[in-house]
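These notes are about the structure you will find just below.
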Amino acid sequence: MVQLYSICSNGNRVVSGEVNSKLQEEPEVRIRSYDGKKDCTRIGDLERSCVVGPADGASLFTDTLGDPICRIRNSPTYIMLVAELEEELIGVIQGSIKVVAIRNPPWNLAKLGYILGLRVDPTHRRKGVGLTLVHSLEEWFVSNGAEYAYMATEKDNEASTRLFMDRLGYIQFRTPSILVNPVNKCRGLLRISSGIEIKKLGREHALLMYKRCMGSAEFFPEDMDAILENKLSLGTWVAYYKDDPYKDNSTNDDGSRHAPANWAAVSVWNSGELFKLRLGNAPLSYTAYTKISKLMDRFLPCFGVPSIPDFFSPFGFYFIYGIYSEGPMSGMLVRNLCRHVHNMAASSSTSKDCKAVVTEVGDSDKNKVHIPHRKLLSCPEDLWCIKPLKEEGKGKGNLHRLLAAAPEARSLFVDPREV
Ligand SMILES: CC(C)(COP(=O)(O)OP(=O)(O)OC[C@H]1O[C@@H](n2cnc3c(N)ncnc32)[C@H](O)[C@@H]1OP(=O)(O)O)[C@@H](O)C(=O)NCCC(=O)NCCS
C-alpha cells in the first residue's frame, strides 16, 4: 500500500494525482505499509522521541524488543502504516480489525477497526501528518469491511483528543479505568484466604464459561478461542468458597448447569513477553512516594507501607482480562484471584522483570472496587472514542451515537491484544 499526499498548510491533504501545480512544489508525504527490513530501527528511534501523554505528567516509553508490530501481531487482521518525507520516517500508526459483540440487538456483531500507536516525529508536528495517517488507516479499515473505528487515549492527552474528537469526528463512548498493582517481589507472596479455593480451568472449559457468561458483554470478541489459545495467555482461574465448589460439568436435577452461589474468574496475559515499559519522568508526588515508601519499608517495615518497584528501568507486566463474578459474596473471590495473579508474577522464573499486574475495567463494573491497585499508578479514566466508517443512517451507521448515549453495559470486555 503506497499513497502520496501533499499536506496543505491548513492540514488538509491532497492525494498526489489531484495535486495542483502550486502544491506540487511542496515536499510530499508518502504513506505506505511498514517494511520490516527498512523501518524497524527507524521506528524504534521515533518511538523513543515521542512522549505519550500530557507534557507535565508521567511519561511512559515502550520498548518493543525489536519488533515494532508486536502490539498488533496477535490480532486476526492488522497493518502498520508509516509516513515518509523525502526518505525520512516521520510518523507511524497501527490498526487491527476484529468482530465483537455489540450490546444492542439486533446488531449483535460488528466489525471494528482499532487504532493504536499513532506517533509523529516532534519536529514534524502540526502539519497534518497525524491526520493523514489516521485517514489512511480508516481507508484501509473500510477496504477490509470494518464498520467502525475506535481508539483509546488518556483524557489529558490534548493533542490526541483534539485530533480524534475535534478534527475527525470521533465520539467518546466509554471511560474504563486502568488499574495498576505493583508486584513486590521482596515482600513475598500475598496470603490467599483459607476458605477459598482457586483452580485453573482447561482451555475448553474456559471458552465455554466465557461464552456462557460473558458472550453478551460489550466488545466480547468473536474469536475468543484465539485469545485463550495464544501462548501469551497464561490461563484462566476460577475462585470459589470451599464449602460450595465450582465443578466444570456439574448439572442440577433438571439438567441445567449447576454453579456455586458465589464464584469468580479471571484470565491472565503476559504482556511483558511482547514489550517492555519504562517510566521517563514522573510527577513529584510519585517520586516523593517511592522515596518515602522505600525508606519506611527498609527501616520501619512494621508500618507495612509497600514500596513501589523501580519503574524507571524496563519492566514487563501481566494483564488480567475477562474478569467475571457471580454472587453476593464474590467480591472477596475477585480480590483473592488478583492476589493469586500477583503471586504468579512475583514467583515466575520466566518473567523476572514483571513488576506490575494491570487490568482495565468498565466504569460501572461491580468488580472494580475489589481489584487491588495503587491509585498513584492507575488511570481512572481511559477515553474510548468511536466513529462509524459507513454513511450515517445506513444499517448500523448510527450505532456510535447509541453507544455514546447508552449507559455503560454491566461488563466491558477489554481485549488483551489491544493493550
Ligand atoms: C498526537 C500526534 C500524533 C498528533 O500528530 P500531528 O501530526 O502533530 O497532528 P496534526 O498536525 O495532524 O494535527 C491535526 C489536528 O489535531 C489537533 N492537534 C494536534 N496536536 C495538537 C496539540 N499539541 N495541541 C492541540 N491540538 C492538537 C489540532 O486540531 C490539529 O489541527 P491544527 O494543527 O490545524 O490546529 C502527535 O502529537 C504525537 O505523536 N504525540 C505523541 C504520541 C501520542 O500522544 N499519540 C497519541 C496516542 S493515541
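The values are calculated or read from the model by the stated rules, or taken from the named source; none is laboratory data. Because the structure is predicted, anything quoted here is derived from the model rather than measured. Neighbour counts run over all protein chains shown; Cβ positions are idealised from the backbone, glycine included.
State all residues of the stretch 78-102 that are charged (D, E, K, R) and more than 17 Å from Pro388 (Cβ to Cβ); if no residue qualifies, say none.
Of everything in the stretch 78-102, those that are charged (D, E, K, R) and more than 17 Å from Pro388 (Cβ to Cβ) turn out to be Glu84, Glu86, Glu87, Glu88.
Identify all residues within the stretch 115-130 that are over 19 Å from the mean Cα position of the chain (by Cα), β-branched (Val, Ile, Thr) and near the ligand (Cβ under 9 Å from one of its atoms); write none if there are none.
Across the stretch 115-130, the qualifying residues are Val120, Val129.
Give the stretch 120-130 a look and list any residue that's buried (at least 21 other Cβ atoms within 10 Å of the Cβ) and under 18 Å from Glu47 (Cβ atoms), or say none.
If the condition is that a residue be buried (at least 21 other Cβ atoms within 10 Å of the Cβ) and under 18 Å from Glu47 (Cβ atoms), then Val120, Val129, Gly130 are the ones that fit.
Can you tell me which residue in the stretch 151-163 is surrounded by the most Cβ atoms within 10 Å (Cβ to Cβ), limited to those that are farther than 22 Å from Glu218 by Cα and hydrophobic (A, V, I, L, M, F, W, C)?
For the stretch 151-163, the residue satisfying everything is Leu163.
Among the numbered conditions (1) within 18 Å of the chain's Cα centre (by Cα); (2) more than 16 Å from the ligand (Cβ to nearest atom); (3) β-branched (Val, Ile, Thr); (4) modelled with pLDDT of 95 or more, tell me where Thr161 comes up short.
Among (1) within 18 Å of the chain's Cα centre (by Cα); (2) more than 16 Å from the ligand (Cβ to nearest atom); (3) β-branched (Val, Ile, Thr); (4) modelled with pLDDT of 95 or more, the lone unmet condition for Thr161 is (2).
Got a number for residues in the stretch 164-211 being among the hydrophobic types (A, V, I, L, M, F, W, C) and either within 16 Å of the ligand (Cβ to nearest atom) or part of a loop (DSSP other than H, G, I, E, B) (or both)?
Number of matching residues: 10.
If you take the residues in the stretch 134-147 that are of a type outside the set (A, V, I, L, M, F, W, C) and touching a strand residue (DSSP E or B) at 6+ places or on another chain (Cβ under 8 Å), which one is nearest to the ligand (Cβ to nearest atom)?
Once the filter is applied, the top-ranked residue is His135.
Looking at (1) more than 19 Å from Thr359 (Cα to Cα); (2) of a type in the set (A, V, I, L, M); (3) in contact (Cβ under 8 Å) with a residue 12 or more places away in the chain, which is the only condition Met214 fails?
For Met214, the exception is condition (1).
Could you identify the single residue in Val305, Val334 that is modelled with pLDDT of 80 or more, among the aliphatic types (A, V, I, L, M) and under 26 Å from Ile192 (Cα atoms)?
Val334
So, Val266, is that one away from the ligand (no atom under 16 Å from the Cβ), within 15 Å of Asp415 (Cα to Cα) and surrounded by 13 or more Cβ atoms within 10 Å (Cβ to Cβ) or not?
Answer is yes for this residue.
Among the residues of the stretch 66-108, which ones are away from the ligand (no atom under 16 Å from the Cβ) and assigned to a strand (DSSP E or B)?
Within the stretch 66-108, Thr77, Tyr78, Ile79, Ile97, Lys98, Val99, Val100, Ala101 meet the criteria.
Quick grid of which residues meet (1) closer than 20 Å to Arg417 by Cβ; (2) surrounded by 14 or more Cβ atoms within 10 Å (Cβ to Cβ); (3) among the hydrophobic types (A, V, I, L, M, F, W, C); (4) within 8 Å of the ligand (Cβ to nearest atom):
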position	(1), (2), (3), (4)
Ala110	yes, yes, yes, no
Gly113	yes, yes, no, no
Thr132	no, yes, no, yes
Ala149	yes, yes, yes, no
